[in-house]
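**Q** I have a structure here, written as structure tokens, and I will follow up with some questions on it.
The values are calculated or read from the model by the stated rules, or taken from the named source; none is laboratory data. These numbers come from a predicted model, not from an experiment. Note: ideal-geometry Cβ built from the backbone for every residue, glycine included; neighbour counts use all protein chains shown. To get the accessible areas, we keep the full protein, side chains included, count just its heavy atoms, and leave off ligands, DNA and RNA. Shrake-Rupley method; radii C 1.70, N 1.55, O 1.52, S 1.80 Å.
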Amino acid sequence: QVQLVESGGGLVQAGGSLSLSCVASGSIFRTNFMGWYRQGPGMQRELVARITSSGITGYADSVKGRFTISRDSAKNTVYLQMNNLKPEDTAVYYCNLGSGGVNYWGKGTRVTVSS
């Protein structure tokens, strides 16, 4: 059983920064990917950023240059540093882990950016 626990998030003014963390526990294959998705009000869940176990990263165009994903594989932890936040970044952010052909999800953490 794999569990993902997110932390961070909250309320910030536009232009501000927030940092999210997600710790994975359980049976995790060494080769995996971790990432962050988000779901805004009335929107579908979308990929924000992803990082492989070898450190290759990918970002949604909307966050490139503002968000940075990183991971500590020894701790099975993924981070998302979010800078220059915009009101359109308001969403519930979900941690995702792909391992052994299975996708796992955290319960989500809310990020609200006020204008």
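**Q** Only Cα pairs under 8 Å and at least 6 apart count here; give the relative contact order of the chain as a rounded whole percent.
**A** Computed over the chain, the figure is 36 percent.
**Q** Using DSSP loop states and a limit of at most 12 other Cβ atoms within 10 Å to flag trypsin sites (Lys or Arg not before Pro), what is the longest stretch of the chain containing no flagged site?
**A** Working: sites that count: Arg30, Lys64, Lys107.
That would be 65-106.
**Q** Can you bin every Cα-Cα distance in the chain into 5 Å intervals starting at zero and give me the percent of pairs per bin, rounded to whole numbers?
**A** 2, 13, 25, 26, 18, 10, 5, 1, 0
**Q** Here is a follow-up. Run the quick spin-label model on Glu88 and Thr68: label points 7 Å from Cα toward the beta carbon, then report their separation in nm to one decimal.
**A** Roughly 2.4 nm, to one decimal.
**Q** Sticking with this structure for a sec: Expressed as a whole percentage, what fraction of the accessible surface of the chain belongs to carbon and sulfur atoms when a 1.4 Å probe is rolled over the protein heavy atoms?
**A** Summing carbon and sulfur atoms, their accessible area is 49 percent of the total for the chain.
**Q** R0 = 30 Å: FRET efficiency of Lys75 with Asn103, Cβ-based, nearest 0.05?
**A** Rounded to the nearest 0.05, the efficiency is 0.90.
**Q** What is the dipole size for the chain, taken about its Cα centre, with +1 at each Lys and Arg Cβ and -1 at each Asp and Glu Cβ, in debye to the nearest 20?
**A** On the way: 11 positive and 6 negative charges, 26 e Å.
The calculated dipole for the chain is roughly 120 debye.
**Q** Using a probe radius of 1.4 Å on heavy atoms only, what accessible surface per residue do you get for the stretch 1-68? Whole Å² is fine.
**A** Ligands and nucleic acids excluded, the result is 59 Å² per residue.
**Q** Mean-square fluctuation check for the chain, GNM, Cα pairs under 10 Å: which of Leu85, Leu11, Leu20 is largest?
**A** So, out of Leu85, Leu11, Leu20, the one fluctuating most is Leu11.
**Q** Toward the positive end of the charge dipole of the chain, about the Cα centre and with charges on Cβ (Lys, Arg +1; Asp, Glu -1), which of Ser62, Thr77, Gly8 goes farthest?
**A** The one lying farthest along the dipole's positive direction is Thr77.
**Q** Quick check: pseudo-label points 7 Å beyond the Cα along Cα→Cβ at Arg30 and Gln13, how many nm apart are they?
**A** 4.9
**Q** Here's a follow-up. What residues of the stretch 1-45 lie in the reach of a label at Thr52, counting those whose backbone N is under 17 Å from a point 7 Å from the Cα along Cα→Cβ?
**A** 29-36
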